[in-house]
1. If you go through segment 199-216, how many residues are under 21 Å from residue 71 (Cβ atoms), outside any helix (DSSP H, G or I) and touching a helix residue (DSSP H, G or I) at 6+ places or on another chain (Cβ under 6 Å)?
2. Only residues that are buried (at least 21 other Cβ atoms within 10 Å of the Cβ) and more than 14 Å from residue 69 (Cα to Cα): list them for segment 21-41, please.
3. If you scan segment 146-173, which residues turn out to be under 15 Å from residue 375 (Cβ atoms), in contact with a strand residue (DSSP E or B) (Cβ under 9 Å, 6 or more places away or on another chain) and at pLDDT below 80?
4. Answer yes or no as to whether residue 265 is over 30 Å from residue 399 (Cα atoms), modelled with pLDDT under 95, in a helix (DSSP H, G or I) and not assigned by TED's automatic domain parsing to the domain that holds residue 65.
5. If you take just the helices (runs of 4 or more DSSP H) that sit entirely in segment 57-173, which of them hold at least 3 residues that are in contact (Cβ under 8 Å) with a residue 24 or more places away in the chain and farther than 28 Å from residue 26 by Cα?
6. With respect to residue 247, is the statement that it is farther than 17 Å from residue 430 by Cα, in contact with a strand residue (DSSP E or B) (Cβ under 7 Å, 6 or more places away or on another chain) and surrounded by fewer than 23 Cβ atoms within 10 Å (Cβ to Cβ) true?
7. For segment 327-344, does any single residue satisfy the condition of being under 30 Å from residue 426 (Cα atoms), more than 15 Å from the chain's Cα centre (by Cα) and surrounded by 18 or more Cβ atoms within 10 Å (Cβ to Cβ)?
8. Only one of (1) in contact with a strand residue (DSSP E or B) (Cβ under 7 Å, 6 or more places away or on another chain); (2) at pLDDT 90 or above; (3) surrounded by fewer than 21 Cβ atoms within 10 Å (Cβ to Cβ); (4) not in a strand (DSSP E or B) is not met by residue 417, so which one is it?
């Protein structure tokens, strides 16, 4: 799909319908968005940007990301959103790797250190202010523009997006995504769930990652709307859901857990029907608690990666109640195998690495053939994630292969330990990891973050865990911490804290 073409269709059939809502821009209709992206695309063309050129947005969640993404597509340019926290040599290397032609940054993030990392060949545009040596965003818009016809594109081969991803355990990697691969996420959602649910969503993830383009596409294709949030504060999220009658959202456990801290029972959230949790293993206790405090909503799981466009599995409305805790079955067009370290298929019920193939799978990491060769073998993408599959074909995510803890010769997945700890009253979040031990090879240690105003008694917590876990899975060390570190996309970083209580 070419997002700009779809926007023009919405401009014709739903011109006055709200498309996006943000604090700064207010409610933006499809006709307003179409006119603005036309002028911006024309401005790009005047600046010499065309098919195949790379447009980078180093921005927090904001309406400008939507405008830049759609305007880039109008010219067949490649859109490269990046988390605004990128900095240093990592940022410089990412800009050089894809030969970025123009970069957009917010004035609040522009400083000498940032400017030193941007090659002189890249045109710099600032949003929300003025900076010496930078062009203001407003000056990028042409004064007038006729209808723009996107260039001829090979949607199966031409690149629409460069997406930088790191996960929680490795360095950054650049994932190219084609125009054809933009079609998959909307199709997957609407094949599994009632389309009426998706009339209005809210952003509980950074738009600078794959979550941004895919939710923009949902709005364009089906004429829905989306609330853009720039702060993940519990009270703010709850208030926005209530005020704008939000029907759906997708996030990761750490951010979705904020809903529980915003006193949801004191608000009318009956519009919220669908909460999808992805990106990492999800405790069943969190799913059930979300459904308890927001009874109108189903809290479901899906699984995928930036490299897979992104969804590979998704729970359906029909199967949710009887298979809660599952990440669902394989979606159409996806082949999934669970294999051991030698590539042999695992029997039902036994854990194995998830390997996949099909049209959703990326072609390889841009500019990194060596890493590509390590993860794509004989046409199968090795995800590094571990799951098991039941006799009905439903998958259950167990964690990352490189998170596996081997203690005394026995395998323990951190997600098992974390899910048990999450059931204990007063536990907001828990993260388990390994520490070297001369006797057992490794021991399990766990950081536990209590809910606000709650105290955790470690001996009682340990006794509780013994009722839910085998003895060898009980953490030898439990540390109480004020916060647990996360990646920009909300995945926990499995690294013991030094300053524990």
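The values are calculated or read from the model by the stated rules, or taken from the named source; none is laboratory data. Keep in mind that this is a model prediction, so the values were computed, not measured. Note: ideal-geometry Cβ built from the backbone for every residue, glycine included; neighbour counts use all protein chains shown.
1. Total meeting the criteria: 2.
2. 21, 30
3. Of everything in segment 146-173, those that are under 15 Å from residue 375 (Cβ atoms), in contact with a strand residue (DSSP E or B) (Cβ under 9 Å, 6 or more places away or on another chain) and at pLDDT below 80 turn out to be 166, 167, 169, 170, 172.
4. yes
5. It comes to 88-97.
6. yes
7. yes
8. (3)
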